[in-house]
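Here is the structure we will look at, set down as structure tokens.
The values are calculated or read from the model by the stated rules, or taken from the named source; none is laboratory data. The shown structure was predicted, so the numbers you read here are calculated from the model rather than taken from an experiment. Cβ sites come from the backbone with ideal geometry, for glycine too, and all protein chains shown count toward neighbours. Each accessible area value is taken on the protein alone, full model and side chains, heavy atoms only, with ligands, DNA and RNA left out. Shrake-Rupley method; radii C 1.70, N 1.55, O 1.52, S 1.80 Å.
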Amino acid sequence: MSYVKPSDLITTMIDAGESKVFMSTRDTVLRAAMAGALLSLAAAFAVTVSVTTGIPLAGAILFPVGFILLYLLGYDLLTGVFVLTPLALLDKRPGVTVRGVLRNWGLVFVGNFIGAFTVALLMAVVVTYGFAIPPNEVGVAIGHIGEGRTLGYAEHGAAGMLTLFVRGMLCNWMVSIGVAGAMIAKDVPGKVIVMWMPIMLFFFMGFEHSIVNMFLFPSGLLLGGEFTILDYLVWNEIPTVLGNLVGGLLFTALPLYVTHARTKAPSNAAGNLELPAGGDVARTETGIRH
């Protein structure tokens, strides 16, 4: 595969973050919704494989297909923009503000949830024949996942909350490496290989991904899981989002920026850098054209 050096990779990541800050509301929400839907369908696939084969590793090996497809199509996950847009802010790109970054995060969150909840509803219909019968074994398994990863943490109090937060951090360390992997190779086979490895790792290790959870927990509630919406928000989604944010920034964005972007020799070719799929900002010799 054609390899992109880290010093060039970080520039591409900064450019990608900048483009997402200036993306229209319609495009941001639509791309995020499709990302949430694809990742959720992959999660449903992975659970189905794990349940039907009795081999959890098999589900983990196959789960990355959703992540790979959504990034090849230029869609956005909250865990990805948590890393990319702050880089544009750190690099002091013209027009990139804290407000713009927060706007992007909010829109992507909403879009991801719309996509994930839509798939949760559709899958609930599939595993219950339109709610006409009790959920099948896959539906039962999804319901138990929701219980274990809300009430299971709550049983341990502060220690459970700390564990949840750390699992969120570790998750987005791996996921954000997958995001970088989409840019570190120039051909499709290379991108697939680099994205596949960290995503498989986070899923099998049971780390907490905020968008996957947007599918699993609403699915669990629809399928009779014995926990509440408040349990889901307090004992999973909110701490997971915060852990994802801290992990992506601390373990991926900042090390790459400090060791490569700030130490890179100045270049007069900044006006002609290629953006990854989905970029909306065109660079010219005189500045940024939207």
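Can you spot a residue in segment 71-82 that is assigned to a helix (DSSP H, G or I), more than 21 Å from TYR257 (Cα to Cα) and under 16 Å from the mean Cα position of the chain (by Cα)? Please lay out each step first, then the result.
Step one: of segment 71-82, the residues assigned to a helix (DSSP H, G or I) are 71-72, 78-82.
Filter once more, keeping what is more than 21 Å from TYR257 (Cα to Cα): 71-72.
Next cut, under 16 Å from the mean Cα position of the chain (by Cα) only: 71-72.
Yes; the residues of segment 71-82 include at least one that is assigned to a helix (DSSP H, G or I), more than 21 Å from TYR257 (Cα to Cα) and under 16 Å from the mean Cα position of the chain (by Cα).
Against the condition in contact with a Leu (Cβ under 8 Å, 6 or more places away or on another chain), loosely packed, with under 15 Cβ neighbours inside 10 Å and free of Cβ contacts under 8 Å to residues at least 60 places away in the same chain, how does MET205 come out, does it pass?
Numbers: in contact with a Leu (Cβ under 8 Å, 6 or more places away or on another chain): yes; loosely packed, with under 15 Cβ neighbours inside 10 Å: yes; free of Cβ contacts under 8 Å to residues at least 60 places away in the same chain: yes.
Judged against the criteria, MET205 is a match.
Tally up the residues in segment 11-32 that are in a helix (DSSP H, G or I), touching an Asp or Glu at 6+ places or on another chain (Cβ under 9 Å) and of a type in the set (A, V, I, L, M, F, W, C), please.
2
Looking only at residues that are closer than 15 Å to VAL101 by Cβ and of a type in the set (A, V, I, L, M, F, W, C) in segment 12-29, which one is surrounded by the fewest Cβ atoms within 10 Å (Cβ to Cβ)?
PHE22
Tally time: how many residues in segment 127-163 are closer than 20 Å to THR52 by Cβ, hydrophobic (A, V, I, L, M, F, W, C) and out of contact with any Ser or Thr (no Cβ under 6 Å at 6 or more places or on another chain)? Spell out how you get there, then give the answer.
Within segment 127-163, the first condition is being closer than 20 Å to THR52 by Cβ, and the residues that meet it are 127-129, 133-146, 148.
This time we only want the ones that are hydrophobic (A, V, I, L, M, F, W, C), so: 127, 133, 138, 140-142, 145.
When the remaining residues are screened for being out of contact with any Ser or Thr (no Cβ under 6 Å at 6 or more places or on another chain), the result is 127, 133, 140-141, 145.
Number of matching residues: 5.
Out of (1) of a type in the set (D, E, K, R); (2) under 26 Å from LEU72 (Cβ atoms); (3) assigned to a loop (DSSP other than H, G, I, E, B), the odd one out for LYS191 is which?
(3)
Going by the structure shown, is ALA35 surrounded by 24 or more Cβ atoms within 10 Å (Cβ to Cβ), touching a Phe, Trp or Tyr at 6+ places or on another chain (Cβ under 6 Å) and part of a helix (DSSP H, G or I)? Talk me through it step by step, then tell me what you get.
Numbers: surrounded by 24 or more Cβ atoms within 10 Å (Cβ to Cβ): yes; touching a Phe, Trp or Tyr at 6+ places or on another chain (Cβ under 6 Å): yes; part of a helix (DSSP H, G or I): yes.
So ALA35 fits the description; yes.
Restricting to segment 105-118, name every residue that is over 17 Å from GLY225 (Cα atoms) and either more than 13 Å from the chain's Cα centre (by Cα) or of a type in the set (A, V, I, L, M, F, W, C) (or both). If you could, list the steps in order and put the result at the bottom.
Taking segment 105-118 and keeping what is over 17 Å from GLY225 (Cα atoms), we get 105-116, 118.
Scanning segment 105-118 gives TRP105, GLY106, LEU107, VAL108, PHE109, VAL110, PHE113, ILE114, ALA116, THR118.
I'm checking my understanding of the structure. Among residues of segment 167-187 that are open to solvent by 60 Å² or more (accessible area, probe 1.4 Å) and at pLDDT 95 or above, which one is nearest to GLY74 (Cα to Cα)? Lay out the reasoning, then the answer.
Within segment 167-187, the subset open to solvent by 60 Å² or more (accessible area, probe 1.4 Å) is 167, 173, 177, 186.
Now drop any that are not at pLDDT 95 or above, which leaves 167, 173, 177.
On the way: ARG167: 27, TRP173: 20, ILE177: 16 Å.
Within segment 167-187, the match that is nearest to GLY74 (Cα to Cα) is ILE177.
Given ASN104, ASN112, ASN136, which one is among the polar types (S, T, N, Q) and over 22 Å from LEU216 (Cβ atoms)? If you could, list the steps in order and put the result at the bottom.
Numbers: ASN112 fails: over 22 Å from LEU216 (Cβ atoms); ASN136 fails: over 22 Å from LEU216 (Cβ atoms).
ASN104 is the lone residue from the list that is among the polar types (S, T, N, Q) and over 22 Å from LEU216 (Cβ atoms).
Considering only residues of segment 49-69 that are among the β-branched types (Val, Ile, Thr) and open to solvent by 60 Å² or more (accessible area, probe 1.4 Å), which is farthest from GLY139 (Cα to Cα)? Give the steps one after another, and end with the answer.
Applying the first criterion (among the β-branched types (Val, Ile, Thr)) to segment 49-69 yields 49, 51-53, 55, 61, 65, 68.
Then keep just the ones that are open to solvent by 60 Å² or more (accessible area, probe 1.4 Å); that gives 52-53, 55, 61.
On the way: THR52: 12, THR53: 15, ILE55: 17, ILE61: 21 Å.
Per the criteria, the residue is ILE61.
For the list (1) open to solvent by less than 10 Å² (accessible area, probe 1.4 Å); (2) touching a Gly at 6+ places or on another chain (Cβ under 7 Å), I need the number of the one condition that ALA44 fails.
(2)
Consider segment 227-245. How many of its residues are in contact with a Gly (Cβ under 9 Å, 6 or more places away or on another chain) and either open to solvent by less than 60 Å² (accessible area, probe 1.4 Å) or among the aromatic types (Phe, Trp, Tyr) (or both)? Before the answer, list the steps.
To start, the set of residues in segment 227-245 that are in contact with a Gly (Cβ under 9 Å, 6 or more places away or on another chain) comprises 227, 231-232, 235-236, 239-245.
Filter once more, keeping what is either open to solvent by less than 60 Å² (accessible area, probe 1.4 Å) or among the aromatic types (Phe, Trp, Tyr) (or both): 227, 231-232, 235-236, 239-241, 243-245.
Of the residues in segment 227-245, 11 are in contact with a Gly (Cβ under 9 Å, 6 or more places away or on another chain) and either open to solvent by less than 60 Å² (accessible area, probe 1.4 Å) or among the aromatic types (Phe, Trp, Tyr) (or both).
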